[in-house]
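**Student:** Before we start, here is the structure in question, set down as structure tokens.
Computed from the coordinates by the stated procedures, all read-outs in this text should not be read as laboratory data. Not measured: the values here are computed from a predicted model. Here Cβ is always computed from backbone atoms with ideal geometry, including for glycine, and neighbour counts include all displayed protein chains.
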Amino acid sequence: MKFAIIKERKNPPDRRVVFSPTDLKTLIEKFPNAEVLVESSDIRVFSDSDYKNIGFNVTQDVTDADVMFGVKEVPIDALIPNKKYFFFSHTIKKQPYNRKLLKAILEKNIELYDHETIVKQSGARLIGFGRYAGLVGAYNGFRALGLRDKLFNLPKVETLSDLDAVKAELDKIKLPNIKILLTGTGKVAKGAKEILDHLKIKQVSDALYLTSDFTEPVYCIADVMEYNKRKDGKVGDKFAFYKDATGYESNFMPYAKVTDFFIAGHFYGDGAPYLFTRADTKHPEFKINLVADISCDINGPVAITIRPSTIADPFYGYDAKTEKEVAYNAKGAITVMAVDNLPCELPKDASEGFGEMFLQHVIPAFFNNDENGILKRARMTTNNGKLTSRFSYLQDYVDEND
């Protein structure tokens, strides 16, 4: 089996890679029958020489590889027919902007394995950059706080070498007496929690958070059954909610009335209630004045996330009265951080963590006859131009006219 690490060609440039040189060396040691080519790249966080120095073939031509490993969408004109490709295609939710990409993949008889479709039998994702989105998103929220309120001046993550450097910058700041709410319990929320804990912010229970004042900064983690409730007043069930959320309504306002800084690290499912609406922000007791929306669903459950922001310009303000965007530090505005590609700011750590997961969960499937069904579940398209049965729901999306 011959694998290739392909060059990232999407703009803006993404410096991440599926495998760091160290992880790639581990792959070869564990699976000596594997061959690996590395496509030359001048943007990757690890240089060509980093791979060459430990014995990998860095080349401009990877056409004789069987399996291509990338991170972001591959431009249509760069797709090599009759290959297996792994990358984030952003097509599984029928995203209109990538319909042509999926059509081209089918026309070129490519087997597509989207990183998002690499899941356990239960459907839980096995690999991703969620932890790093949480880490960078929480840091960026504190950076916005420091700049807006002239408390401290944290540098951008992209200017720092790695996660250790990020944490070293956090060691220099002193926080005011604020209450912080974090939603979610997955990898994103755990990444954000890592930042909160590094800052030695005290975690408190929901009951204390909602009813008490504190003389130090504190945070609380709320899961879906804390900020949603059944409409009929009965006790809610998380797993029932995930299957069908139509019988639920938001119970977020009690948190909004006591929270200064909200970190949105939850997963939002179709049909779930909004956490809060734009009308809610007009309520005289709505207290949140800073939101780090790591989930970044535009015009979604965090209603003031009216657009994604960028690494270059990560913050904007939301005026609740006019429902319009204003400067992030405008008087009375709610400051919003909604960067939608947060892990790109920490490419070295994110790549190393991703490669470790990929090595653990995916690579063995190529050598053990896919005994756990990892590849079978993940495969979206076949090598004869068809969608697999698991992804046949995309047929109408493919058939639409552009």
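**Student:** Figure the gain on full extension for Ser392 and Thr59 (residue separation times 0.36 nm, minus the Cα-Cα span) and round it to one decimal in nm.
**Tutor:** 116.2 nm is the gain from fully extending Ser392 to Thr59.
**Student:** If you rank Phe87, Phe367 by fewest surrounding Cβ atoms within 10 Å, what's the result?
**Tutor:** Ranked by crowding around the Cβ, least crowded first: Phe367, Phe87.
**Student:** Using mean Cβ contacts within 10 Å as the protection proxy, how do 346-352, 228-234 order, highest first?
**Tutor:** For the peptides 346-352, 228-234, the packing ranking is 346-352, 228-234.
**Student:** Obtain the nm distance between the two label points defined at Lys94 and Lys25 by a simple spin-label model: each point lies 7 Å from its Cα along the Cα-to-C-beta direction.
**Tutor:** 4.8
**Student:** Positive end of the charge dipole of the chain (Lys, Arg +1 and Asp, Glu -1 on Cβ, about the Cα centre): tell me which of Leu126, Pro75, Gly247 has its Cα farthest that way.
**Tutor:** Towards the positive end, the residue furthest out is Gly247.
**Student:** Distance cut-off 26 Å, Cα to Cα: go down the list Lys174/Lys257; Lys10/Lys156; Lys72/Lys287 and report the pairs above it.
**Tutor:** Lys72/Lys287
**Student:** What distance in nm separates the two pseudo spin-label positions at Arg307 and Thr277, each 7 Å out from Cα along the beta-carbon direction?
**Tutor:** 2.5
**Student:** Something else about it: Taking one equal scatterer on every alpha-carbon of region 98-255, how large is log10 of I(q)/I(0) by Debye at q = 0.13 1/Å?
**Tutor:** At q = 0.13 Å⁻¹ the computed log10 ratios are -0.83.
**Student:** Rounded if a/c is under 1.5, else prolate if a/b is larger than b/c, else oblate: which is region 179-248, with a ≥ b ≥ c the root eigenvalues of its Cα gyration tensor?
**Tutor:** oblate
**Student:** Let me ask you something else. Using the beta-carbon distance between Lys2 and Lys120 and R0 = 35 Å, what value does 1/(1 + (r/R0)^6) give for FRET efficiency, to the nearest 0.05?
**Tutor:** 0.80
**Student:** For region 108-226, with only Lys/Arg (+1) and Asp/Glu (-1) charged at the beta-carbon, what is the dipole magnitude about the Cα centre, in debye rounded to 20?
**Tutor:** Charge dipole of region 108-226: 200 debye, to the nearest 20.
**Student:** Dipole size in debye (nearest 20) for the chain around its Cα centre, Lys and Arg Cβ +1, Asp and Glu Cβ -1?
**Tutor:** I would put it at about 620 debye.
**Student:** Assuming R0 = 22 Å, can you tell me the calculated FRET efficiency for the pair Glu285 and Thr215, based on Cβ-Cβ distance, to the nearest 0.05?
**Tutor:** After rounding to 0.05, the efficiency reads 0.50.
**Student:** Rank the residues Ser205, Ser89, Ser47 as a footprinting-exposure proxy: fewest other Cβ atoms within 10 Å of their Cβ go first.
**Tutor:** The fewest-first ordering by Cβ neighbours comes to Ser205, Ser47, Ser89.
**Student:** For Lys324 and Phe367, compute 0.36 nm times the residue count separating them, minus their Cα-Cα distance, and round to one decimal in nm.
**Tutor:** Contour length minus Cα-Cα distance gives 10.0 nm.
**Student:** Taking the simple approach of a point 7 Å from Cα along Cα-to-Cβ for both Asp171 and Lys202, what is their distance in nm?
**Tutor:** Reported label-point gap for Asp171 and Lys202 is 2.4 nm.
**Student:** Quick one: His266, His198, fewest Cβ neighbours within 10 Å first, how do they rank?
**Tutor:** With the sparsest Cβ surroundings first, the list reads His198, His266.
**Student:** Kindly provide the helix-only [θ] at 222 nm of the chain, computed as the sum of -39,500 (n - 2.57) over DSSP H runs of four or more divided by all residues, to the nearest 500 deg cm²/dmol?
**Tutor:** Mean residue ellipticity, 222 nm, calculated: -7500 deg cm²/dmol.
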